[in-house]
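Participant: Supplied in structure tokens, the structure appears directly below.
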Amino acid sequence: MGFPDGKGADRGIAAAEQGLLREGPQWLSPQAAVVQIVGYKNSGKTTLACKLIAALTAEGYMVGTAKRDAHQFTLDDAGTDSARHLEHGAVETVLTSGKATRWMRQAPTSLSDIAECMSGRVDIVIAEGFKREPFPKIALVRDPGQMADLLQETTNVRLWISWFSPEAAMNGEPDGSPPPLLSICDDEVVLDSALSICRSLCSRKMSAPAR
């Protein structure tokens, strides 16, 4: 699978950038730039996120991350001082040391609020999940059925990455001008196209007027 003419990277990058230029202002705010990586379980979201984090960091960007967990999780180990604070009614608590800080909150947090909290400390937030948030997205799908389901669940997809034949996916696209779709087998093309989206978002944030 891939692009036999060797021009897949150029086409993917150009189409992704055109999609960003078409996008409205709902996600263009003073907070840090945000790109979402969405898809179902075992679609490759974390693998792509880690590649983007490493590549952007190597280019000098400050990268923050966020992950939406579909399950309940424990904020701290039972019996710790922080856990006792929460058990006795604290809605938020902060654990900090000379090298690290952990912020614990007894409530869900929107991706917009997360990005606002990170603003000024990071250039871009790479977020796994949060399908219903409005930010630009990279979607990974293992089969055409997953693509159809994601089209019903989310918006603002700027790049599709498939585990199946891109031609099969394009035949199922309801829109006459879909975002670029790449094969997950084309590692270099996928990473270059995803990086182009991230760089464009960072560039737009830096050039956006303060509000």
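The values are calculated or read from the model by the stated rules, or taken from the named source; none is laboratory data. Small disclaimer: the values here were computed from a predicted structure and weren't measured. FYI the Cβ positions are ideal-geometry reconstructions off the backbone, even for glycines, and counts take in every protein chain you see.
Participant: Here are some residues: ARG142, ARG211, ARG158. Which one is at pLDDT below 90 and more than 17 Å from GLU59 (Cα to Cα)?
Facilitator: On inspection, the qualifying residue turns out to be ARG211.
Participant: If you don't mind, there's one more thing I want to ask. Taking the stated definitions as given, is ALA115 modelled with pLDDT of 95 or more and either buried (at least 18 other Cβ atoms within 10 Å of the Cβ) or assigned to a helix (DSSP H, G or I) (or both)?
Facilitator: When the stated conditions are applied, ALA115 does not pass them.
Participant: If we keep just the residues of the range 175-203 that are at pLDDT below 70 and not hydroxyl-bearing (Ser, Thr, Tyr), which is nearest to the chain's Cα centre (by Cα)? Working first, answer last.
Facilitator: In the first step, residues of the range 175-203 are kept if they are at pLDDT below 70; the result is 175-178.
Within this subset, residues satisfying the condition of being not hydroxyl-bearing (Ser, Thr, Tyr) are 175-176, 178.
Numbers: ASP175: 23, GLY176: 25, PRO178: 19 Å.
Filtering first and then ranking leaves PRO178.
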